[in-house]
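Remarks on the structure that follows.
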Amino acid sequence: MDTYLDHNATTPVRPEAADAISRALTQHGNASSVHRFGRLVRHTLDEARESVASLVGVSPANIVFTSGGTEANNQALRGFDGTVLVSAIEHDSVLGAREDAQMVDVDADGVLVIAQLREKLAQSEEPALVSVMLANNETGVLQPVREIVRLAHEHDALVHCDAVQAAGKIDVSFGHLGVDMMSVSAHKLGGPQGVGALIVRDGLDPEPLLRGGGQERRRRAGTENVAGIAGFGAAARIAREKLELFAELAGLRDDLETKLRAAFPDVVIHGVDGDRLPNTSCVGLPGMTAAIQVMQLDLAGVAVSSGSACSSGKVAPSHVLRAMGLDDAAAQSAIRVSLGWNSVPRDVDRFVDAWAAMAQRRSADATAQRAVA
């Protein structure tokens, strides 16, 4: 039986979300139409909007549905006129949104360097926007967003938070964090791919990326993805109801890391000294690239992700781990193991068995090569 441990890439659709999608697909009205068919679709959208809003503690009016986290991040950053500051470990959809963005370093634990952010904010001669993720997609490390917000607001700067990896995994409160904008995505919490949301505080109106229609209060033109949004709403509702159950995954993750250390003491767990998501381990095996690890584990029936970004067929060292101070060799040897809503203890055992066998083969091969030399 195959073992899926790549939930940070995308998590399986929850049955409740699949049911909501199926029901929405039977509705053939346009939400902008005033007849009863249109009103029925509009009701479906309104229900989903309320569920997503409840997940992060905002009013439904603060929700702008998008095609996913990438679009939400781009709208937040590209719709701002001024200085943009981003952490060095952000998702590529943030790092690539603005060519003029200034980078803020992180420390060895992957946490943003507050002193450097303070300095850059003080130096800015125009309005500033700070974009920082709540939880890193590779290491699971959490950022001190509330502290960042306090500092930014002292300098009259706005804060955008990419909460794509955090929403549905930990308690995420828009108001508690104090941010001005936040991005979330359906397929990270049991909804379908291709739908997300930008959450915007009252009184803020970022420039839309898509124009030409009055949808989403004229903040995002285009006929709504009703089925996707319905699935998003159902997934958000279930994720909120079962948030305590998701927190229990920390026990599975800790068990996984303990067993890896017992099997192979040289294993490295990146970000282990910081606060992390309960489901994420970034595991380094010195001397074996992440690409080879992922392929060998796949052959053993275990699905995980590389910690490296793949572009045009070339695997580069993880920009996240490089930003944390690791050299290229270490940054290329890390894989991400991410548990999800349907993970069970036997998934951990299967991964540990497959990984330990792989590590032992690598160690035996290295010993043999030294003997020949």
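Calculated over the chain, the projected area of the Cα convex hull averaged across directions stands at 19.9 nm². Write down the percent of antiparallel bridges among all DSSP beta bridges whose residues are both part of the stretch 15-241, to the nearest 5. DSSP beta bridges in the stretch 15-241 are roughly 40 percent antiparallel.
In plain terms, the residue of 13, 302, 184, 337 with the fewest other Cβ atoms within 10 Å comes first and the most crowded comes last, giving 13, 302, 337, 184. The magnitude of the dipole of the chain, with charges of +1 and -1 set on the Cβ of Lys/Arg and Asp/Glu and taken from the Cα centre, is near 1040 debye.
Exposure proxy for 169, 120: other Cβ atoms within 10 Å of each Cβ, ordered fewest to most, give 120, 169. Measuring r between the beta carbons of residue 30 and residue 102 and using R0 = 35 Å, the FRET efficiency lands at 0.25. Ordering 148, 57, 227 by the projection of their Cα atoms onto the charge dipole of the stretch 15-241, which places +1 on the Cβ of Lys and Arg and -1 on the Cβ of Asp and Glu, puts 227 at the extreme positive end.
The ranking of 155, 43 from fewest to most other beta carbons within 10 Å of each one's beta carbon is 43, 155. For the stretch 1-126, the calculated P(r), taken from all Cα-Cα distances in 5 Å bins from zero up to the bin holding the longest distance, is 2, 8, 11, 13, 15, 14, 13, 9, 7, 5, 2, 0 percent.
Expressed as a rounded percentage, what relative contact order does the stretch 1-123 have, with Cα pairs under 8 Å and six or more residues apart?
Reported as a whole number, the value is 11 percent.
Axis angle, to the nearest 10 degrees, between helix 145-154 and the longest C-alpha principal axis of the chain: 50 degrees.
The angle between the Cα long axis of helix 226-241 and the main principal axis of the chain comes to about 60°, on a 0 to 90 degree scale. Can you tell me the 0 to 90 degree angle between the C-alpha axis of helix 15-25 and the longest principal axis of the chain, rounded to 10? Approximately 40 degrees, to the nearest ten.
The residue among 198, 264, 214 whose Cα reaches farthest toward the positive pole of the charge dipole of the stretch 197-265, with charges on the beta-carbon of Lys, Arg, Asp and Glu, is 214.
The slack in the chain from residue 109 to residue 291, taken as 0.36 nm per residue of separation less the alpha-carbon distance, amounts to 63.2 nm. FRET efficiency for the residue 353 to residue 147 pair, using the beta carbon distance and R₀ = 30 Å, is estimated at 0.15.
The stretch 38-114 and the stretch 207-240 have their alpha-carbon centroids 13 Å apart. The calculated 222 nm mean residue ellipticity attributable to helices in the chain amounts to -12500 deg cm²/dmol, summing -39500 (n - 2.57) over DSSP H runs of n ≥ 4 and dividing by all residues. Our summary gives the chain a relative contact order of 23 percent, counting only alpha carbon pairs under 8 angstrom and 6 or more residues apart. Mean separation of Cα pairs under 8 Å and 6 or more residues apart, divided by the residue count, gives the stretch 151-216 a relative contact order of 25 percent.
Every number in this text was worked out from the coordinates using simple rules, so none of it is lab data. Note that the coordinates shown come from a computational prediction; the quantities given were computed from them, not determined experimentally. Positions of Cβ are backbone-derived with ideal geometry, glycine not excepted, and every protein chain shown enters the neighbour counts.
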